[in-house]
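Read through the structure below, which is laid out as structure tokens, and then see the notes.
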């Protein structure tokens, strides 16, 4: 049985979303634009959530929560909608990491991330595939949620330290330290040396 695709598991549009056939007004134009930005950023957001969480189901849950918040929020003051969505998905994934850590503490056995094929999908793929293999995801389980988010955003999506800091809600120096700490941990891990 194959995993469900993201398109088939997304919830319906939120209340208030109008079709193009209805009488247009400025508010509905803003909502249509917000929906279009969400749809355009969906694969990128899924990639971030999956790489942070290592679970398709958890990544889809995060995207559903982002959609529910996004569909009911006011977008008139948002200057960069895609950046806002990336911030939302990263922060919700960090919260999910905290929650899933508690659940996994009672899990018997060794947790492994769910593999997802990304070779034919550039938004889902990453600039540095070595940083995102199954072995790296397994090792990343030992990082804090903030370290993991900073590492994924910097290494997989080449976000600047300033952007990482903005998304996570820390200073640029703290974001830099998180990435360095994650890099050092992953480089020193025994599994990292056996892959080369």
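The values are calculated or read from the model by the stated rules, or taken from the named source; none is laboratory data. Nothing here was measured: the structure is a model prediction, and the numbers come from that model. Cβ atoms come from the backbone with ideal geometry, glycine included; neighbour counts cover every protein chain shown.
Does residue 70 satisfy the criteria of being at pLDDT below 75 and touching a helix residue (DSSP H, G or I) at 6+ places or on another chain (Cβ under 6 Å)? Please lay out each step first, then the result.
Numbers: at pLDDT below 75: no; touching a helix residue (DSSP H, G or I) at 6+ places or on another chain (Cβ under 6 Å): yes.
Answer is no for this residue.
In the range 2-9, is there at least one residue being under 27 Å from residue 156 (Cβ atoms) and at pLDDT 65 or above? It would help to see each step written out before you state the result.
Initial filter on the range 2-9 (under 27 Å from residue 156 (Cβ atoms)): 2-9.
Keeping just the survivors that are at pLDDT 65 or above gives none.
Looking for residues that are under 27 Å from residue 156 (Cβ atoms) and at pLDDT 65 or above, one finds none in the range 2-9, hence no.
Going through the range 33-51 one residue at a time, which ones are crowded, with 21+ Cβ neighbours inside 10 Å and more than 15 Å from residue 74 (Cβ to Cβ)?
Result: 41, 45, 46, 47, 48, 49, 50, 51.
Among the helices (runs of 4 or more DSSP H) confined wholly to the range 100-196, which include 3 or more residues that are closer than 19 Å to residue 86 by Cβ, modelled with pLDDT of 55 or more and under 15 Å from the mean Cα position of the chain (by Cα)? Write out each step before concluding.
Values: elements: 134-140, 145-151, 161-168, 172-188, 190-195.
Here the list reads 145-151, 161-168.
Restricting the search to the range 52-82, which residues are within 15 Å of residue 34 (Cβ to Cβ), exposed (fewer than 14 other Cβ atoms within 10 Å of the Cβ) and under 18 Å from the mean Cα position of the chain (by Cα)?
Within the range 52-82, 68, 69, 80 qualify.
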